[in-house]
1. So Met140 passes all but one of these: (1) closer than 25 Å to Val50 by Cα; (2) modelled with pLDDT under 90. Which condition number does it fail?
2. Identify all residues within the stretch 179-197 that are under 17 Å from the mean Cα position of the chain (by Cα) and buried (at least 16 other Cβ atoms within 10 Å of the Cβ); write none if there are none.
3. Out of everything in the stretch 289-333 that is of a type in the set (Gly, Ala, Ser) and in contact with a strand residue (DSSP E or B) (Cβ under 6 Å, 6 or more places away or on another chain), what residue ends up being modelled with the highest pLDDT?
4. In the set Thr314, Thr322, Thr282, which member is of a type in the set (Ser, Thr, Tyr) and touching a Lys or Arg at 6+ places or on another chain (Cβ under 9 Å)?
5. Could you figure out which of (1) over 34 Å from the mean Cα position of the chain (by Cα); (2) closer than 30 Å to Arg275 by Cα isn't true of Val327?
6. Which one is surrounded by the fewest Cβ atoms within 10 Å (Cβ to Cβ), of the residues in the stretch 1-49 that are under 20 Å from Glu245 (Cα atoms) and of a type in the set (Gly, Ala, Ser)?
7. Yes or no: the stretch 269-283 includes at least one residue that is surrounded by 14 or more Cβ atoms within 10 Å (Cβ to Cβ), farther than 14 Å from Ile300 by Cα, modelled with pLDDT under 90 and over 18 Å from the mean Cα position of the chain (by Cα).
8. Looking at (1) surrounded by 12 or more Cβ atoms within 10 Å (Cβ to Cβ); (2) in the same structural domain as His271 (by TED's automatic domain parsing); (3) assigned to a strand (DSSP E or B), which is the only condition Glu319 fails?
Amino acid sequence: MRTLLIDPRGGGIAGDMLAAALTDLTGSTDPLERLSASIAALPGCDEFSVRAEETDGGVRATRLAFRVREKPAGTDGDLAAALEEVAAAVGLTAWGVERAHLILGDLLAVERRFHPSGFSRHAVASADTIFDILAPLLLMEEAGLAGCPVRATPPALGGGLIRTGTGTIGGPAPAALEICATHRIPVAESSLAMELTTPTGAAILANLAVVTERFPAMTPYRTGYGAGTRPNGAGANILRVVEGETTDLVEERIVILETNLDDVSGEVVAHALGRLLEEGATDVFVTPAIGKKNRPAQVISVITDQERYAHLLTVLMEETGTLGVRVREEPRLVAHRRQEAMEIPIGGRTFPVRVKTSQAFGRLIAVKPEYEDMRQIARELGVTLREVAREVERHLPAPGEHQS
């Protein structure tokens, strides 16, 4: 499966850095020129131009040089309207427009979080922001990467002193950190005393990529390197992107809750399992064990996600009375899953049946019709469930078939 990897572990990420890295990857500057011309045509923008140049910061990379003259930014709504206008002018698809608005939404949310008195031009400048958001999306579309899986490693946020419109504070930049916290993005440690990941860079990762703590297994096809516009003397302000082939398994982050019980009844355990599933656990299971003093014990394991685990931990402790719960976050690879309704002829009539399919390694590995749909059909026709299931299975694709 064709995949784009964004690797900001060492040098962080900004919108212009990602645009530079994608330009280096593809060798094409035409999208940047068209985007610059559209931004320059906005009311209030007197000049906007960009030039891709080669630089050497420890490795040959592409850096973008800008010339910008614009009037002070207006309101949040003005910026959103300008973004929409430029996106339409350059022909950005619905895929890109949707992500552009999500990225801008994150930027404006953190702007209101840290500057509640009103829109602050120092944090969200219109021409720069529009370019930083749209340029990577446009370059991906031009390269045929729109819709492909995007993976990323944890971004280095940087440190040192960060200048704001009202003073100087210690890094990392609060807005970038806030976006990572909102989306539960893991971050990487960095000893560089400068801002490495900008708020726009963090928002792009949050709305474009699945961030995992390890470099994914892949067959690389080509690489690109984008340099930041602020030299740091260490040559480390460089973002790497990789286009390559990965397995069609989907990587997810799950949270596992576990606790040992040796002094509760089976009825309490059964009720706790039911309650955990009702509250949104992905799965719950019990494993027999031998505990302290060789007493029989039970290990309750709960699989969930970052959003639900704190609530489910509370439910687990309240229902079982356990004094402690082990919590660990792990990656897992799962088959690509899809559910669609199929029209199945049964007993001279046609019924919609929801069918779940799972695909991995280019093959269909599992096909499962929805039990409730088949049960309803059996009742309506006055036949057995087994008869309905046999008829449904005759019209389903067989596991093992190659999928395009």
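The values are calculated or read from the model by the stated rules, or taken from the named source; none is laboratory data. None of the values given here were measured: they were computed from a predicted structure. All Cβ positions, glycine included, derive from the backbone under ideal geometry; neighbour counts span all protein chains shown.
1. Every condition holds for Met140 apart from (2).
2. Ile179, Cys180, Ile185, Val187, Ala188, Thr197
3. This residue is Ser301.
4. Result of the check over Thr314, Thr322, Thr282: Thr282.
5. With (1) over 34 Å from the mean Cα position of the chain (by Cα); (2) closer than 30 Å to Arg275 by Cα applied to Val327, the lone miss is (1).
6. Gly27
7. Checked the stretch 269-283: no residue is surrounded by 14 or more Cβ atoms within 10 Å (Cβ to Cβ), farther than 14 Å from Ile300 by Cα, modelled with pLDDT under 90 and over 18 Å from the mean Cα position of the chain (by Cα).
8. Among (1) surrounded by 12 or more Cβ atoms within 10 Å (Cβ to Cβ); (2) in the same structural domain as His271 (by TED's automatic domain parsing); (3) assigned to a strand (DSSP E or B), Glu319 violates only (3).
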